[in-house]
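Accompanying notes for the structure given below.
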Amino acid sequence: MAFDNDTQSVLRTGSRAQASEIDQGLRTYMLKVYNYMASGLALTGVVAMATSSSDALMQTIYGSPLQWVVMLAPLGFILALSFGLNKMSTTTVQGLFWAFAGVMGLSLSYIFLAYTGASIARVFFITAGTFAGMSLYGYTTKRDLTGFGSFLMMGLIGLLIAMVVNIFLQSTMLHFIISAAGVLIFVGLTAYDTQKIKAIYSATDAAATNTKKAIMGALTLYLDFINLFIMLLRLFGERR
């Protein structure tokens, strides 16, 4: 009996130690995800501000067909990272992520000409607070958000269709509805994607794979943040 009790005690101690190790590993992994995301956002902001301050550069980009290259290039980087992740080295994945963040800065430079600097800053901090709250919820909640995420993805598809339709309709009311719906969708996706990134950690083993998965997680949260920011800016931004 004493032997059994000692054995059970050892097993419990080992189980707690293993859980502690996993928790520490998960925190380190998520910190890496958030660091990549924050660095990407910082690079995007710097490039956007620098580009918008140069009249010649803005004219070169938005006064020629080059604007379509700048607008569509981020999608190319996302597809390359998504489909080529397993075949790429960690260094290549990192390089593509930084290149993507830089090109996004070029494509977002127009906001500094369309909206006042004060309103951009205000909306950015609103976005940061909202994002932090929902990401924390996604990280800590015990509720499975998989079904919720599927619903949000359907809403995202509908949102994209509505945006394409409104290119031709130019409806102010539809513009408002799209922006409001977009805020709700990306707020929800922030929590869902955070939980999904957390779950991916358990399926990650090698250090190189860990880093690549962290970069892809950062890319996902980066897109949630940027899209939430744009939707809020369309609602609350003060136009010049």
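No value in this document is a laboratory result; all are computed from the given coordinates. Since this is a predicted model, take the numbers as computed values, not measurements. A quick note on method: Cβ atoms are made from the backbone with ideal geometry, for glycine too, and the neighbour counts reach across all protein chains shown.
For segment 50-66, the set of residues classified as closer than 18 Å to Ala99 by Cβ and surrounded by 15 or more Cβ atoms within 10 Å (Cβ to Cβ) consists of Thr51, Ile61, listed by residue number.
Yes/no matrix, rows are residues, columns are (1) free of Cβ contacts under 8 Å to residues at least 12 places away in the same chain; (2) over 25 Å from Met49 (Cβ atoms); (3) in a helix (DSSP H, G or I):
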| site | (1), (2), (3) |
| --- | --- |
| Phe100 | no, no, yes |
| Met104 | no, no, yes |
| Phe112 | no, no, yes |
| Ser119 | no, no, yes |
| Arg122 | no, no, yes |
| Phe125 | yes, no, yes |
| Phe131 | no, no, yes |
| Tyr137 | no, yes, yes |
| Phe148 | no, yes, yes |
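Any chance you could count how many residues in segment 153-177 are over 15 Å from the mean Cα position of the chain (by Cα) and touching a residue at least 24 places away in the same chain (Cβ under 8 Å)? Step through it out loud before you land on a result.
First, the residues of segment 153-177 that are over 15 Å from the mean Cα position of the chain (by Cα): 154-155, 157-177.
Applying the additional criterion that residues be touching a residue at least 24 places away in the same chain (Cβ under 8 Å) yields 155, 159, 175-176.
The total comes to 4.
Quick test for you: out of Leu96, Leu72, pick the one residue that is free of Cβ contacts under 8 Å to residues at least 24 places away in the same chain, buried (at least 19 other Cβ atoms within 10 Å of the Cβ) and on the phi < 0 side of the Ramachandran plot.
Details: Leu72 fails: buried (at least 19 other Cβ atoms within 10 Å of the Cβ).
Unique residue meeting the criteria: Leu96.
Inspect segment 219-240 for any residue being surrounded by 13 or more Cβ atoms within 10 Å (Cβ to Cβ), of a type in the set (Val, Ile, Thr) and closer than 24 Å to Val93 by Cα and give the result as yes or no. I'd like the intermediate steps shown before the answer.
Taking segment 219-240 as the starting set, the residues that turn out to be surrounded by 13 or more Cβ atoms within 10 Å (Cβ to Cβ) are 219-238.
Going one step further and asking which of them are of a type in the set (Val, Ile, Thr), we end up with 220, 226, 230.
This time we only want the ones that are closer than 24 Å to Val93 by Cα, so: 220, 226.
Within segment 219-240 (the criterion being surrounded by 13 or more Cβ atoms within 10 Å (Cβ to Cβ), of a type in the set (Val, Ile, Thr) and closer than 24 Å to Val93 by Cα), the answer is yes, since at least one residue qualifies.
Could you tell me whether Val183 is surrounded by 14 or more Cβ atoms within 10 Å (Cβ to Cβ), among the β-branched types (Val, Ile, Thr) and touching a helix residue (DSSP H, G or I) at 6+ places or on another chain (Cβ under 8 Å)? Write out each step before concluding.
Numbers: surrounded by 14 or more Cβ atoms within 10 Å (Cβ to Cβ): yes; among the β-branched types (Val, Ile, Thr): yes; touching a helix residue (DSSP H, G or I) at 6+ places or on another chain (Cβ under 8 Å): yes.
Yes; evaluated as a whole, the condition is true for this residue.
Any idea how many residues of segment 79-89 are assigned to a helix (DSSP H, G or I) and exposed (fewer than 15 other Cβ atoms within 10 Å of the Cβ)?
Result for segment 79-89: 6.
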